[in-house]
1. Which ³J(HN,Hα) values, rounded to whole Hz and listed in residue order, are derived for segment 146-162 from phi using the Karplus coefficients 6.51, -1.76 and 1.60 in 6.51 cos²θ - 1.76 cosθ + 1.60 with θ = phi - 60°, glycine and proline given as x?
2. Sort 222-230, 268-276 for me by packing, meaning the mean count of neighbouring Cβ atoms within 10 Å per residue, highest on top.
3. Relative to the present Cα-Cα distance, how much length would full extension add between ALA16 and LYS258 at 0.36 nm per residue of separation?
4. Count the net charge of all other residues whose Cβ sits under 12 Å from the Cβ of PHE626, scoring Lys and Arg as +1 and Asp and Glu as -1.
5. In segment 365-417, which GluC sites (Glu not before Pro) are in a loop and have at most 16 other Cβ atoms within 10 Å, using DSSP for the loop call?
6. Using 0.36 nm per residue of separation minus the Cα-Cα distance, give me the extension gain between GLN210 and ILE652 in nm, one decimal.
7. According to a simple spin-label model (label point 7 Å from Cα along Cα-to-Cβ), what is the distance in nm between LYS688 and ASP594?
8. What are the ³J(HN,Hα) values, in whole Hz, obtained from phi via the Karplus relation 6.51 cos²θ - 1.76 cosθ + 1.60 with θ = phi - 60°, for each residue of segment 450-462 in sequence order, with x given for Gly and Pro?
Amino acid sequence: MSGMHLSREFFELIKAIGESKSKQEEDRIIAREVVALKKKLESGGAGGGGGPSLGMIPGSPIPGSSGAAHGNILNTNKKKAREFLVRVLYVEMLGHDGSFGYIKAVELAASQSIIHKRTGYLVCSCCLSPEHEFRFMLINQMQRDLNSSNLLESCGALLAVTSLITPDLVSTVSTQVIGLLEHTEQTVRKKAIIAMHRLHQLSPDAVTKQEVTEKVRRMLCDRDPAVMGATLNVIEAMARVDAQPFKDLVPSLVSILKQICERRLPSEYDYHRIPAPWMQMKIVRILSVVGKNDSNSSEGMYEIVGECLRKAEEAGINASNAIVYECIRCITNIYPNPVLLDAAGASISRFLSSRSQNLRYLGVTGLASIVERHPKYAADHQLAVIECLEDEDETLLRKTLDLLYRMTNPVNVEFITDRLLHFLRRSTDPYLKSDLTLKICTIGERYAPNNAWYVRTITELFNIAGDLVDPAVATNLMSLIAEGTGNEDDDEEADMVLRKQAVELYVNLLNNPSNRMPRVLVETLAWVLGEYGYLSSVMPLSDIIDGMCKLLQSGNTARLGGGAPSTRRLVLTAIMKMVAQYGSCPATAAKVVDDYTKSSDPDAQKRCLEFQTILTQAPHLLGEVFPVDASLEDIDVSLDLSFLDGVVSDAIANGARPYQKPEDDDDDDINAVASQAASAFKMTPYEKPSERTYGQGAMQGMGSANMGPAGSGNVPLPPGSSSSTVNPQAAASPTQQPSNPGEPQLVLRNVANVWGKQAPPPAQAPVPSVPTTSSFASATTSSTPTGYGGFGVPAAAAPAVPIKTAEQ
């Protein structure tokens, strides 16, 4: 283990993770590792013994402030401390919480050892979230490292800046980062230019675009090629956002690319004998962005792009092929140049004819980019692209299908559509089938050579992937068959020929139905045969009616498009239309109509009942109810309803009252007349209740003998009560009549004591009454009785309410 710089525990951990057979087993391994790491941290094992240091407690000062902790952990066992952090990083990578070790990473970032410092920065960059408070603890340390004279410390800090700095902390390090652009070492300068661009992305206000552009222009001319190559990354990223500030750099970029192609760079930048291939690709991409739709900028780069393409073609290795592909992309993006386009076409042809799937993919992708702007180059490579459809590589197949869609034009639409339908028929990927269906519909509507071809193609598409077709496509197909060319100057015979061809196509489908017919296909078939079935020359109309009846009565709902009620209604309507065209109702049609008069679908039942009525009572109206070829005829609407004049005359003659139009229909006049006339409804609001209703008199009435069950002369005692339960004083008093004899009184005779239940039997023994004393006795002549209430519940004594005297 010593040669691998790993402890045995760490080696066993990596081995166990690699040999785990399931996620659950892996989680158990990591859970045990977390427990072991926490024990090491608590006991100081990560540092080689000793108790936990102050620097390991969250919220403590930056490590280094405690001499004991520094000595125990960082000096004595630095190797174990670094390994501890790496193991914490494994825990985090596998989806577990390693936050217990974050403070240790912050401590190690302050170490004097470069390898420990970079390990601490690495763990902090990978584990600390942008909102984590430990990021603030690293700012001072990064500032010290950025200002350090040690080359490695500065580089480590620059790498940490790109990962750890958040937008609100940009201003704390921006000055130091920009200052490092003047560093004497090229390694620091190339990292500083990347860090400056990252700070600009985080906070454009703290590091402005003008400042970055100025620094980038100067760094592009750096004496070291590595710094220049790092600057190209920044220029490309900023040019994709706004290319205008970099258009004047075209001569400089062309000069750099020319030097690279002429091998003026040191040989250490070569890769398989290709001079600085990554720098070449970066410069070509920048030229592509800068020269897009700009003839002036493009003219200055034609020569060097062509030279770069030619030299890369001569090499013939993977690195040079990548340069060729970037040159093709550049040629298609910049202002067109015929010579360069021909050279790009030749390179694409070489890619497409290669046996390597990677190169064929490059060819297909490059041809897609050139065809998008220059379609004439598609015809030369059409057969090569078709051959790519036979490849087993799924990625290449998808790219080829997309290219075929882009290559389609009125000349090759039939061939390409046929290939797409063939591929769609054998495809099983639902997403790919949906995409192909949409593309076939689009190119069919856009480039159809004639209407008959469009009808055949869309019908076949319905049969293959009808469930994925937009219903609007079927509507457009029916409109095309009904309207024809839509040009009144054309001969009607051409439209009739189209309808006959459509009828024959759908009659053949009806004769040989598949086990599964999509709903859109069944509905389109029913509409076409219902409207134009009489035009069929391959089958008599009576046989078509029989075929439609068999389709409707077949137990296979998949053959009927799923058997949806709307589909059955359309087939029923088609049968009725063909019966009207035929002039008589065959037995099969009569049986279908009779069966559907008992259908659970109200719409279908109503249609069949109405059809039966017309067929039996007014067969001469069939031609008017189901006119021939009238699907697109305009309907005449009579606004004055003059067609009802005869009906109105007959009704008046029979004694009906003539209709009298109001003199004025204005709403204001109607309201005024209504207010003057006597209304049948009483609109007068109720009188406002007097205060006495809710005051003293009401309370006195509730406590009086008049309200008791035995004291009321109009309300009989409920069953189960007896006269012995009544207060003797109340019984001796004369019966009082209600204050308003004319008002209706509540009658409770034969009413059960409890609603919804039988009345209880009479009580066997009377309940003795308990005399009560009411405070009302001084003010009223009667006292409150005690006894049973109206529902067999003992009545509670009325509360005593004192009455104020006149003096009070």
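1. 5, 8, 6, 7, 6, 4, 5, 5, 5, 5, x, 5, 5, 5, 5, 4, 5
2. 222-230, 268-276
3. Result for the pair: 81.8 nm of gain on full extension.
4. Here the charged neighbours net out to -2.
5. Of the GluC sites (Glu not before Pro), the ones in loops of segment 365-417 whose Cβ has at most 16 other Cβ atoms within 10 Å are GLU390, GLU392.
6. Separation in residues times 0.36 nm, less the Cα-Cα distance, equals 149.9 nm.
7. Result for the modelled spin labels: 7.8 nm.
8. Per residue, the Karplus-derived 3J(HN,Hα) values read 7, 5, 5, 5, 5, 5, 5, 5, 5, 5, 5, 5, 4 Hz.
FYI, it's all coordinate maths here, none of it is from the lab. Note that the coordinates shown come from a computational prediction; the quantities given were computed from them, not determined experimentally. For neighbour counting, all protein chains shown are included, and Cβ atoms are generated from backbone atoms with ideal geometry for every residue, glycine included.
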